[in-house]
Amino acid sequence: MANQTATDTVSATSVSTRKSKNLTILWELIAFIRPYRWQVSAALLALVFTASLTLSVGHGVRLLIDQGFAQQSLVELGNAVQFLLLITVLIAVGTFFRFYLVSSVGERVSADIRQAVFDHVIGLHPSYFETHGSGEIMSRITTDTSLLQNIIGSSFSMAMRSALLCLGAIIMLFATDIKLTLIVLASVPFILVPILIYGRRVRVLSRQSQDSMAEVGSYAGEAIANIKTVQSFAVEDHAKAAFGQEVERAYHIGRERVKQRAILISGVIVIVFSAITGMLWVGGRDVIHGTMSAGDLGAFVFFAIMVASSMATLSEVLGELQRAAGATERLVELLHVQSHIRTPTTAPINPQTLSNAIRFEAVHFHYPTRPHQAAIDTLSLYIQPGEVVALVGPSGAGKTTVFELLQRFYDPQSGAIMLGGQDIRTLSPQGLRQQMALVPQQPALFSDDVIGNIRYGKPAASEQAVKEAAIQAHADEFIQQLPEGYHSFLGERGVRLSGGQRQRIAIARAILKDPRILLLDEATSALDSESEHAVQQGLAALMRDRTTLIIAHRLSTIQHADRIVVMDQGKLVDVGSHTDLLTRCPLYQRLVNRQFNEPVNP
């Protein structure tokens, strides 16, 4: 199982699988294929049917030569041609059902895997994303699952078909002529050697190719998401060059993978058709000497070509399966990541039944990526139900960390955080967070219209409720001026709005959610004075009868808080009202003096 570090998130199963460097990782896909076993069974039945019919073409070739050509009989020739046409039609019908069933299962399984990976990732602990970029994860969800779709829907079917044809053709070869069959089979060891050697190389390169493509996507995604920053610093040329390096690296890995596959396929073709040539020489001598009929030789050549083409197809499909193994490995790694934030195994208490009182009891916490630097150091604090508490302090004091711990994005290494006297680790994380609404300093908006963004915290809310929340947040006026009002599309991350407008949308979202606990992280920092006054009035109404925590650097906005908590380097320095802190807390005095640029007279 995964331990509590951000870098050790892959289970022992996936680690051992990676070391094995074979195709057994593909068995992990069985769990996704099993629900569609009837479609797969029908596809396999069609596969066996078409393979059997394909092998019977050899008998048609024998009839065509021995009964039609050798006897110079138009009737026998017509019968042989009719037989071949009937077989062709039946093969076409069987192939249609095989291709349709297998391809539809491939589409369905790919969608299921994509959904399963997203469902798993969306619930992972935030520290996982500190060490794994979003571009890499998106590459696994999109590119890797698309590759598996091709494998399950096409390559796997080709492999099964080729294997059946190869086995059946070998049986027919023995039935036709044992001596010639042994000549053909003598080449098999020479075919297996390059498959084993180059197949392993292809798999390693396939994994590297998938990783390099993920890095390409990650870099491009970051550059495009921060396009204004890129252009404002005029570093487009640098971005192009850096992206070009990533693309070239992916290209060279891909080219090497293709080279190894080409060597594998070419080698198999040379060996197989050399064996067939030798067989033709021996078989031709037997026909000339009268120990073998021309029809038997023709059928034997047909079966030998079936074996050769099947082996060539298998060697080519093996390369695809190696790529699929790399993609499956990456997806399985992701599915095996265990979230550090666990829901209690026993029936969790409903947070709705608890009071709004919050207590931090000797909480000590450091981020997983910074184990030697305490973000919160032995914090003890009690917040009464309905109390408005402000957190102030210099950057890095631990204010935002308090919010993250309270929402249980992380668990402290020691101490406890209580809600209504209950340790929040005994509560469902989703149930806990439903009691809260966060208005961050940099609000997150989505590629949706205004209503969709405000309704994000309460999807079932009516359109009228959305508008009332926007009015309270002082957002209705600018929303009405948008081209389509509340149905205006805001673009990716709300790029069509100003910073202040985005913040008012976030405030409206919190108002609509109607939480019991309100978390405000510089909620009015991007507003002008007039808008700030209006929003403060809306927030004042929202904070009534709710426990509210406020992070603020603009101290003028929190002077009327019930209590102000001064923090520095993760420690609680002092607690009191604005007036009390001015008289006894040097750090608070410095903060006020620095902000208002005037001496403070306690």
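Can you say whether Ala397 is touching a strand residue (DSSP E or B) at 6+ places or on another chain (Cβ under 7 Å), buried (at least 22 other Cβ atoms within 10 Å of the Cβ) and part of a loop (DSSP other than H, G, I, E, B), as far as the supplied structure shows? For Ala397, the condition - touching a strand residue (DSSP E or B) at 6+ places or on another chain (Cβ under 7 Å), buried (at least 22 other Cβ atoms within 10 Å of the Cβ) and part of a loop (DSSP other than H, G, I, E, B) - is met. Being buried (at least 20 other Cβ atoms within 10 Å of the Cβ) and more than 15 Å from Leu26 (Cα to Cα), is that true of even one residue in the range 277-285? Yes, the range 277-285 contains a residue that is buried (at least 20 other Cβ atoms within 10 Å of the Cβ) and more than 15 Å from Leu26 (Cα to Cα). Exactly one residue out of Gly326, Gly284, Gly290 is touching a residue at least 24 places away in the same chain (Cβ under 8 Å) and either touching a strand residue (DSSP E or B) at 6+ places or on another chain (Cβ under 8 Å) or assigned by TED's automatic domain parsing to the domain that holds Ser56 (or both): that is Gly326. Quick check, is Arg509 crowded, with 20+ Cβ neighbours inside 10 Å and either over 27 Å from the mean Cα position of the chain (by Cα) or not in a loop (DSSP other than H, G, I, E, B) (or both)? Answer is yes for this residue. Scan the range 341-350 and tell me whether some residue there is at pLDDT 90 or above, surrounded by 17 or more Cβ atoms within 10 Å (Cβ to Cβ) and over 30 Å from Lys259 (Cβ atoms). No: zero hits.
Looking at (1) more than 18 Å from Phe365 (Cα to Cα); (2) among the β-branched types (Val, Ile, Thr); (3) assigned to a strand (DSSP E or B), which is the one condition that is false for Ile451? With (1) more than 18 Å from Phe365 (Cα to Cα); (2) among the β-branched types (Val, Ile, Thr); (3) assigned to a strand (DSSP E or B) applied to Ile451, the lone miss is (3). Filter the range 210-254 for residues that are of a type in the set (S, T, N, Q) and farther than 21 Å from Ile141 by Cβ; which is modelled with the highest pLDDT? My answer is Gln245.
This table checks each residue for (1) outside any strand (DSSP E or B); (2) at pLDDT 80 or above; (3) more than 22 Å from Ile564 (Cα to Cα).
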position: Gly319; (1), (2), (3): yes, no, yes
position: Val332; (1), (2), (3): yes, yes, yes
position: Phe360; (1), (2), (3): no, yes, no
position: His364; (1), (2), (3): no, yes, no
position: Arg370; (1), (2), (3): yes, yes, yes
position: Leu381; (1), (2), (3): no, yes, no
position: Tyr410; (1), (2), (3): yes, yes, yes
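Contact map, the range 72-99: residues that are at pLDDT below 75 and of a type in the set (Asp, Glu) paired with residues that are assigned to a helix (DSSP H, G or I) and surrounded by 13 or more Cβ atoms within 10 Å (Cβ to Cβ), Cβ distance under 7 Å, separation 6+ or inter-chain. Pairs shown: Glu76/Gln67; Glu76/Gly68. Of all residues in the range 102-131, those that are buried (at least 19 other Cβ atoms within 10 Å of the Cβ) and within 11 Å of the chain's Cα centre (by Cα) total 4.
Residue check: is Val272 at pLDDT below 75 and surrounded by 13 or more Cβ atoms within 10 Å (Cβ to Cβ)? In short, yes. Criterion first (modelled with pLDDT of 85 or more, small (Gly, Ala, Ser), surrounded by fewer than 16 Cβ atoms within 10 Å (Cβ to Cβ) and under 20 Å from Glu522 (Cα atoms)) does Ser556 satisfy it? Here the answer is no, as Ser556 does not meet what is asked.
The values are calculated or read from the model by the stated rules, or taken from the named source; none is laboratory data. Since we're looking at a predicted model, the values are computed, not measured. A quick note on method: Cβ atoms are made from the backbone with ideal geometry, for glycine too, and the neighbour counts reach across all protein chains shown.
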